[in-house]
Amino acid sequence: MKPDYRVLLLALVLSIPSATGVASAQNLPRSLIQGEDDRTLVEERDFPWSAIGRLNSTLGPFCTGTLIGSQQVLTAAHCLWNKRTGAWLPPCALHFVLGYQRSGFLAHSLVVSYKLEGEHLPEANPARPELARDWAVLTLARDLSTVAKPIPVGPLDPERLGAYKAKGGTFVQAGYSRDRAHILSRHDNCSLAGFASSGRLVLHACDATFGDSGSPILLLLDDTYRIVAMHLATTGQDPAGIA
């Protein structure tokens, strides 16, 4: 049975990809992270961190992607848009590096194809489509499931959010932030604050910034991790994140 990628529309979030691969924390707009910076570096390479990687492109900017199948990676659709040419990047311009950590990695693969939600995004401003449609599934040239276990996808809505919390579930966001471009960072026990767009988007207070586009928001419940949302955007408000 193939996973239903549409459950991810319950929680997506958009931050524009970084213009360069490396930047200092001082160069980041502080409005992107509200209050204390609660991110920590992820030195481990076990599950689920092993299934998260950096999505590089020939343009220079990078985003975050998550292995959800043997050759499938989930990321934000806007990471595939070339603002200079006003067109979608060809798959051959994309390179997924799994478990990237400083100068090392677990595996890597070129992208051979990808599928966008709805295929045709709004023409008025295709670089910033309706947020609930800002997701893509990449197909890799290589099977990476022999190196890292894919992370399963789980549903999220207001009723389930309450049930998850009642059972002791917590949420973790993990991605490659621009100011920490060469190692995965995560925000443990970050909060989800409410829903929008008929329950297809969720507001969150996880500390995400440029480069974290496409990064997963994971539910940790009964010692099991599942992707229940994907970071798409950051606002200057509180909570700052949309997923």
- [ ] Kindly indicate whether any position in segment 47-59 is assigned to a helix (DSSP H, G or I) and at pLDDT below 90.
- [x] no
Task: Count of residues meeting criterion [farther than 15 Å from Phe210 by Cβ and at pLDDT 90 or above] in segment 17-42 - done: 3
Open item on the list: Among the residues of segment 186-206, are any of a type in the set (Ser, Thr, Tyr) and at pLDDT 95 or above?
Closed with: no
Open item on the list: Among the residues that make up segment 160-171, is at least one of them within 23 Å of His78 (Cα to Cα) and β-branched (Val, Ile, Thr)?
Closed with: no
Task: In segment 53-95, residue most open to solvent (accessible area, probe 1.4 Å) [restricted to those that are closer than 18 Å to His182 by Cα and of a type in the set (Gly, Ala, Ser)] - done: Gly60
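The values are calculated or read from the model by the stated rules, or taken from the named source; none is laboratory data. Note that the structure is a prediction, hence the values are computed from the model and not measured. Note that we place each Cβ from the backbone using ideal geometry, even for glycine, and neighbour counts take in every protein chain shown. Ligands, DNA and RNA are stripped out before the accessible areas are found, and what is left, the full protein with its side chains, is counted by its heavy atoms. Shrake-Rupley method; radii C 1.70, N 1.55, O 1.52, S 1.80 Å.
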